[in-house]
Structures are given as structure tokens and as C-alpha cells.
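Report on the structure given below.
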């Protein structure tokens, strides 16, 4: 059953993400992975990759490392604008509308809007983690910084 504890779990998860870098220790990434069920499905880059979620804890860690490394990405802040909790005998789900401050190649992207849709297992671990967002601001900023990207100038 979803409770306000699930919202706290998400807050704790994001505090853990804020502390990570691509060179963080295995133990630090294990702390991140411990929030998820062993068979979790995650979409850390958003639902544009809906057909290819990361499946399992290690794949989720690998995807986070990829995002951090490829884009020199770091989460600096997260604020929940609104949230909703649903309960169902078969699953529990949290919806969070958020604004985040990201650091990309040393530059600040603020605000960055995302909606998190998270399904929790009965034991309070994350079973499904979906992010809904538009990556255009990230792609545009990276292109401005690196000169490489999908947009014509």
C-alpha cells in the first residue's frame, strides 16, 4: 500500500542521486540500487525510450552512470510541485510533478520539469520508475556547450 512513506522514499532516492558522480564507489551505487526491487524496470532518460527500459538493479545503475557520464550531468536540486498517491490491492503508485536544477558540463539548467510515476512493491521498494519530460532543453544546452547535437543553427 502506498503511503506518505513512499513520498519520503522518493525524496531519499533523489538525495542519494544528488550525492553520486560517475566515479562514485560501488558501495555508493549499491545504496542507490537498494531503493529498487531486483526485477525493477526504470526509464531514467524519460519515456522516449519506452521500448527499452533498464531491467534490474544493475541495469538501472548502469543507465544512471551512462546519463551522468555522457552528458556530464548532475542533479543539483529537486522540488515537488504536486504529488498524488493512489492505492490499489495489486499495486501502489505515486505521481510527482517536479522541477529540478541540473548541472550539465558545469552549466546550470534551471528549471527542468519532470513528472515521476513510480510503482512501489508491497515492501516499499520501487518496482517501476518512469520519467516524463522533454529533453530538448538538455540537448540544446549540450549542443551550445559542445558544438555537437541534433539542432540546426
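Kindly establish whether residue 94 is in contact with a helix residue (DSSP H, G or I) (Cβ under 6 Å, 6 or more places away or on another chain), assigned to a helix (DSSP H, G or I) and closer than 18 Å to residue 12 by Cβ. When the stated conditions are applied, residue 94 does not pass them. Among the numbered conditions (1) touching a helix residue (DSSP H, G or I) at 6+ places or on another chain (Cβ under 9 Å); (2) assigned to a strand (DSSP E or B); (3) within 24 Å of residue 55 (Cβ to Cβ), the only one that residue 115 does not meet is (1). Criterion applied to 88, 77 was being out of contact with any helix residue (DSSP H, G or I) (no Cβ under 6 Å at 6 or more places or on another chain) and modelled with pLDDT of 95 or more, and the one residue passing it is 77.
For segment 24-47, how many residues are part of a strand (DSSP E or B) and either farther than 13 Å from residue 129 by Cα or touching a helix residue (DSSP H, G or I) at 6+ places or on another chain (Cβ under 7 Å) (or both)?
Number satisfying all stated conditions: 5.
The set of residues in segment 60-80 that are under 23 Å from residue 139 (Cβ atoms) and either over 14 Å from the mean Cα position of the chain (by Cα) or not in a strand (DSSP E or B) (or both) comprises 60, 62, 63, 64, 65, 66, 67, 68, 69, 70, 71, 72.
For segment 48-59, the criterion of being touching a helix residue (DSSP H, G or I) at 6+ places or on another chain (Cβ under 8 Å) and either at positive phi or assigned to a helix (DSSP H, G or I) (or both) is met by at least one residue.
Among the residues of segment 21-36, is there at least one that is in contact with a strand residue (DSSP E or B) (Cβ under 7 Å, 6 or more places away or on another chain), modelled with pLDDT of 95 or more and over 20 Å from residue 102 (Cα atoms)? Within segment 21-36 (the criterion being in contact with a strand residue (DSSP E or B) (Cβ under 7 Å, 6 or more places away or on another chain), modelled with pLDDT of 95 or more and over 20 Å from residue 102 (Cα atoms)), the answer is yes, since at least one residue qualifies. Return yes or no: is residue 95 surrounded by fewer than 16 Cβ atoms within 10 Å (Cβ to Cβ) and within 15 Å of the chain's Cα centre (by Cα)? Yes, satisfied. No other residue among 100, 18 is surrounded by 16 or more Cβ atoms within 10 Å (Cβ to Cβ) and either at pLDDT below 95 or within 15 Å of the chain's Cα centre (by Cα) (or both) apart from 100.
Can you find even one residue in segment 137-145 that is surrounded by fewer than 15 Cβ atoms within 10 Å (Cβ to Cβ), within 30 Å of residue 8 (Cβ to Cβ) and under 16 Å from the mean Cα position of the chain (by Cα)? No - not one qualifying residue is present in segment 137-145.
The values are calculated or read from the model by the stated rules, or taken from the named source; none is laboratory data. Remember, predicted model here, so these are calculated numbers, not experimental data. Ideal geometry is used to build each Cβ from the backbone, glycine not excepted, and the neighbour counts take in all protein chains shown.
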